[in-house]
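The structure appears below as structure tokens.
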Amino acid sequence: MSEEGSARERALAATGDELAVLLHHASADVLLALLDNPAMEETQLCLLLERKNLPSEILEEVARRKPLLKSYRVKRALAFHPRTPRLISLRLLRDLYLMDLVQVAIVPGVSAELKRNAEDQLLARLPQLPLGQKITLARRGPARVAGALLAEGHEQVVSIVLDNPYMTEAQILRALSREKPPTSMIPAIVHHHKWSITYNVRLALVRHPSAPLATILSYLPELTVSDLRELAAPGMLPESLRQYLQAEVQRRMRASQKAASENAPAKEPPASNRE
């Protein structure tokens, strides 16, 4: 019998330390035999699934065996393995716990498709989640989930989700594009240490009908003249607000003309005056 054949026979009946050693065997046949070993328990199987170089056929075989997938640890290890076939990983996502889905969505090395699917799963569960879990997601959830929580506007969640490290400007702007946002959202953004000083967010707040007038007026001096002119175009904003924008454009023009005249070189006197 060959050395590999002997190792396969041992794998079918090994226990204890011998079984632990065989978990690291290079042969796929030996590893497949381990799956048929009655002494192979959840702990040993999870150790096997931690091998990043595990042949895909082993992962496929584990996924085929429904009794093995009754263990959540095994299911999770299989879902997170970088060599698990795409369709198997997508199927397993449906059974993952909330924070494991978050991990799939944010850890490096996971395919974009798998991340997107994990986010979709989180978004689908969002309406049924209790407040405590929403607060947890607000702290560490991926950008799309953070944006959805912001749009929901729960007072206890909004102040937390704006500090989420995965929150993006695009998600803030998407939430501000809603005509009737939750009452707690705009004040929270206006007073936030990061988003309140982001140019495009300020621009979106100026456009928003629910933004406080005092806030809008405080932003006008920092907007570009081209943006002010665009906002002051008929139909863009209420007439009362357009007057403030037009006044700011005029103020800028006068200041620019004054600066230009002060910096212009002095004209030389005519030649006759110099003699």
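The values are calculated or read from the model by the stated rules, or taken from the named source; none is laboratory data. Keep in mind that this is a model prediction, so the values were computed, not measured. In this analysis, Cβ positions are derived from the backbone assuming ideal geometry, glycine residues included, and neighbour counts consider all displayed protein chains. Please note that ligands, DNA and RNA were not included when accessible areas were found on the heavy atoms of the full protein model with its side chains. Shrake-Rupley method; radii C 1.70, N 1.55, O 1.52, S 1.80 Å.
For the chain, the Stokes-Einstein estimate of translational diffusion at 25 °C and a viscosity of 0.890 mPa s comes to 103 µm²/s, using the Kirkwood hydrodynamic radius over alpha-carbon pairs. The range 78-99 and the range 106-122 have Cα centres spaced 10 Å apart. Estimated from helical segments only, the mean residue ellipticity of the chain at 222 nm is -18500 deg cm²/dmol, where each DSSP H run of four or more residues counts as -39500 (n - 2.57). Taking 1.002 mPa s as the viscosity and 20 °C as the temperature, the Stokes-Einstein diffusion coefficient of the range 37-141 based on its alpha-carbon Kirkwood radius rounds to 147 µm²/s.
Were the residues from S71 through E3 laid out at 0.36 nm apart, the gain over their Cα-Cα distance would be 21.2 nm.
For E9, the solvent-accessible surface computed with a 1.4 Å probe is close to 100 Å², ligands and nucleic acids excluded.
With a Förster radius of 30 Å applied to the C-beta separation of V107 and M253, the computed FRET efficiency comes to 0.05. Taking the protein heavy atoms of the range 1-122 in the context of the full set of protein chains, the accessible area attributed to carbon and sulfur is 51 percent at 1.4 Å. When the chain is described by a simple charge dipole with +1 on each Lys and Arg Cβ and -1 on each Asp and Glu Cβ, the residue from N263, G109, S184 located farthest towards its positive end is N263. Looking at the P(r) of the range 84-127, how many percent of alpha-carbon pairs lie beyond 12 Å? Above the 12 Å cut-off, the range 84-127 has 54 percent of its Cα pairs.
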